[in-house]
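Novice: Below you will find the structure I want to go over with you.
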Amino acid sequence: MSDEFSREIAKRSIARVCVALDYKYATSSVLDILADVMSNFVQTLGEQIRDQAEISGRCLPGIHDAIAVLDQAVSFSISLYFSYELLMDNYGFLLASSTDILERASGFCI
C-alpha cells in the first residue's frame, strides 16, 4: 500500500471520527495532523506487538500478543489519569490554566 493511499485512508477515518463526535468543521491541516498521529500510533502499536511476540519466543505475533500490548497501554493510561487526578487534588492550586493567566494579565494592561 502506498504512503499516499494510506494517508488518504487515515484522513478519511479521522474525518469520520470527527463527524461521529459531532464536530461541524475541521480544516485540512487539522485532519493531516490527526492522521499523522493516528498513523504513528498504529505503527508503534504494531511494533510493540511484534516485540511482544519476539519476547515470548515466537517469530509471528498473534492475538494474544495484541491483547497483552493493549492491556499494558490501557493500564498505563489509567495510571496516568489517576496520577493527574492526584496531582490536581493535591497541587491544583499551583497549576494555572492558560485562561487564568490571560485573565490575570489582562487586568494589568493599561
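Novice: Considering only residues that are within 18 Å of Thr44 (Cβ to Cβ) and loosely packed, with under 13 Cβ neighbours inside 10 Å, look in the stretch 66-83 and name the one that is modelled with the highest pLDDT. So that I can check it myself, show each step before the final result.
Specialist: Step one: list which residues in the stretch 66-83 are within 18 Å of Thr44 (Cβ to Cβ), which gives 66-77, 80.
Next, from what is left, pick out any that are loosely packed, with under 13 Cβ neighbours inside 10 Å: 67, 71-72, 74-77, 80.
Numbers: Ile67: 91, Asp71: 88, Gln72: 84, Val74: 78, Ser75: 76, Phe76: 72, Ser77: 72, Leu80: 70.
Checking each candidate, the answer is Ile67.
Novice: Just to be sure before I move on: is Leu34 assigned to a helix (DSSP H, G or I), among the aliphatic types (A, V, I, L, M) and surrounded by 14 or more Cβ atoms within 10 Å (Cβ to Cβ) in the structure I sent? Before you say what the answer is, go through the steps one by one.
Specialist: On the way: assigned to a helix (DSSP H, G or I): yes; among the aliphatic types (A, V, I, L, M): yes; surrounded by 14 or more Cβ atoms within 10 Å (Cβ to Cβ): yes.
Against the criterion (assigned to a helix (DSSP H, G or I), among the aliphatic types (A, V, I, L, M) and surrounded by 14 or more Cβ atoms within 10 Å (Cβ to Cβ)), Leu34 qualifies.
Novice: Is one or more of the residues making up the stretch 56-65 touching an Asp or Glu at 6+ places or on another chain (Cβ under 6 Å), modelled with pLDDT of 90 or more and assigned to a helix (DSSP H, G or I)?
Specialist: Of all residues in the stretch 56-65, those touching an Asp or Glu at 6+ places or on another chain (Cβ under 6 Å) come to none.
No, the stretch 56-65 contains no residue that is touching an Asp or Glu at 6+ places or on another chain (Cβ under 6 Å), modelled with pLDDT of 90 or more and assigned to a helix (DSSP H, G or I).
The values are calculated or read from the model by the stated rules, or taken from the named source; none is laboratory data. As the structure is a prediction and not an experimental result, all values here were calculated from the model. We place every Cβ from the backbone using ideal geometry, glycine too, and count neighbours over all the protein chains shown.
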